[in-house]
Amino acid sequence: MSTSIDPAATSLLRFATAGSVDDGKSTLVGRLLHDSKSVLADQLEAVERASLGRGQQAPDLALLTDGLRAEREQGITIDVAYRYFATPRRRFVLADTPGHVQYTRNMVTGASTAELAVVLVDARNGVVEQTRRHAAVAALLRVPHVVLAVNKMDLVDYAEPVFADIAEEFTAYAASLGVPDVTAVPISALAGDNVVTPSAHMDWYGGPTVLEHLESVPVVADPTGDPARFPVQYVIRPQTPEHRDYRGYAGQLASGVLRVGEDVTVLPSGRRSTIAGIDALGSQVDVAWAPQSVTLRLADDLDVSRGDLIAPTTGVPALTRDVEATVCHVADRPLRVGDRVLLKHTTRTVKAIVKDIPSRLTLGDLSQHPAPRELAANDIGRVVLRTAEPLALDAYADSRRTGSFLLVDPADGTTLTAGMAGAAFAAEATGEAAPAVADDEGWDF
């Protein structure tokens, strides 16, 4: 049996890019892909043809990521574009997110799983409102690392004081939001300065290039430091002659480490058992760590089904039916007090009612607007929910996996809202309590 823990065996970094309109974000991503030799020949030929058709002599590398027709025609990013590339040192999943305020929900989507965010700033304009908004979204989503890429340094004659002033202002603002790590890099995405190769025009800068930082930033955390959480996805009962009594609970370990012989509790029932075995990739192992997908076998025959959570008895999360969270509303129709929704948390889906919307957050200045009564598309605010069944919900600050949830329209399955349980980075504003919701088809709980 395998007993070693080596989560760093394959290094993968998920990162998102964000920036104001015309800061050169798509050009940076295109330059990163091009200079790291991550663009296929036919892709580059297509970009060259499209660039010539627009009267440009050199290839417009922004076209490598601006895939929608509307994006190419307007020269902006609208949708989240995912790109996969690799270097000898690390594999990457890149989410190129839009910078417009009306596409805040797209940035939230792209940054929700990111371990690093690259925020672009035009060296001529400095830190603007959209820059602060993007930093606030990164802080809200608890992205642990932020890179400030001060772009278009060629248009300010590669002046060190311009870069220093912008870096100082942004770093101070990010620190006030609780962002733990900010690295500032002066670049010219169009010319390729400090993107993949060091710039010959900025000998005053001695730090890493953007790619060097992406390759070296630590992203593998020690899984033993987090409490184990195992949401059950599927119950395996082969009932074949070879496995007549086999009962396994399959899923992906959301956090922490589980070991054979460990005492565990199944939630929400609260029943206890012991891990009798762990199966991974067809083999029996003694230990499993996040984010491995494994099958657990328990010593006792318990009533365990999809949506249940298995956790160590010594670190069981508290069950709750009252959820207070910060949310980003992603649907076109508003979220209102009294709405009946489905709450999807890990593999569990339960009915819920929106009991209150205490405040709406303005990301530009972090001001709170109390008692808005509803959240429109791209709005970020605080909500209070009441669920029909108890949830084993961690605070988002403690676990991005088990502290997040979705609100879904029960009528057609549309995703309405992305939620993060617990306190936000800004002080909460309390509004007037919402009126009680009347009993209606089993939704009064």
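Quick look at the numbers
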read-out: Selection within the stretch 80-138 - within 16 Å of the chain's Cα centre (by Cα) and part of a strand (DSSP E or B); value: Ala81, Tyr82, Arg83, Phe92, Val93, Leu94, Ala95, Asp96, Leu116, Ala117, Val118, Val119
read-out: Filtered residue count, the stretch 350-366, keeping only those that are open to solvent by 40 Å² or more (accessible area, probe 1.4 Å) and at pLDDT 95 or above; value: 2
read-out: Qualifying positions in the stretch 400-410 - over 16 Å from Val327 (Cβ atoms) and either of a type in the set (A, V, I, L, M, F, W, C) or crowded, with 22+ Cβ neighbours inside 10 Å (or both); value: Thr402
read-out: Neighbours by Cβ (under 6 Å, 6+ apart or cross-chain): first from the stretch 159-174, farther than 27 Å from Arg142 by Cβ; second at pLDDT 95 or above; value: Glu160/Trp204; Val162/Ala123; Val162/Val156; Phe163/Val150; Phe163/Pro186
read-out: Within the stretch 304-372, strands (runs of 3 or more DSSP E) holding 1 or more residues that are free of Cβ contacts under 8 Å to residues at least 24 places away in the same chain and in contact with a Leu (Cβ under 9 Å, 6 or more places away or on another chain); value: 348-362, 367-370
read-out: Residue count for the stretch 262-285, restricted to those that are hydrophobic (A, V, I, L, M, F, W, C), touching a Lys or Arg at 6+ places or on another chain (Cβ under 9 Å) and open to solvent by 10 Å² or more (accessible area, probe 1.4 Å); value: 1
read-out: Qualifying residues in the stretch 139-152 (those that are open to solvent by less than 30 Å² (accessible area, probe 1.4 Å) and in a loop (DSSP other than H, G, I, E, B)) - the one farthest from Val162 (Cα to Cα); value: Leu141
read-out: Pick from the stretch 236-261, criterion within 28 Å of the chain's Cα centre (by Cα) and among the hydrophobic types (A, V, I, L, M, F, W, C), ranking: surrounded by the fewest Cβ atoms within 10 Å (Cβ to Cβ); value: Ala250
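A quick yes/no check of all residues on (1) among the hydroxyl-bearing types (Ser, Thr, Tyr); (2) farther than 19 Å from Val127 by Cα; (3) modelled with pLDDT under 80; (4) more than 20 Å from the chain's Cα centre (by Cα):
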position	(1), (2), (3), (4)
Thr3	yes, yes, yes, yes
Leu12	no, yes, no, no
Ala16	no, no, no, no
Ser20	yes, no, no, no
Asp23	no, no, no, yes
Gly30	no, yes, no, yes
His34	no, yes, yes, yes
Leu40	no, yes, yes, yes
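The values are calculated or read from the model by the stated rules, or taken from the named source; none is laboratory data. Note that the structure is a prediction, hence the values are computed from the model and not measured. Every residue, glycine as well, gets a Cβ built from its backbone with ideal geometry; the counts of neighbours run over all protein chains shown. Remember, those area values only see protein heavy atoms, side chains included, never the ligands or the DNA or RNA. Shrake-Rupley method; radii C 1.70, N 1.55, O 1.52, S 1.80 Å.
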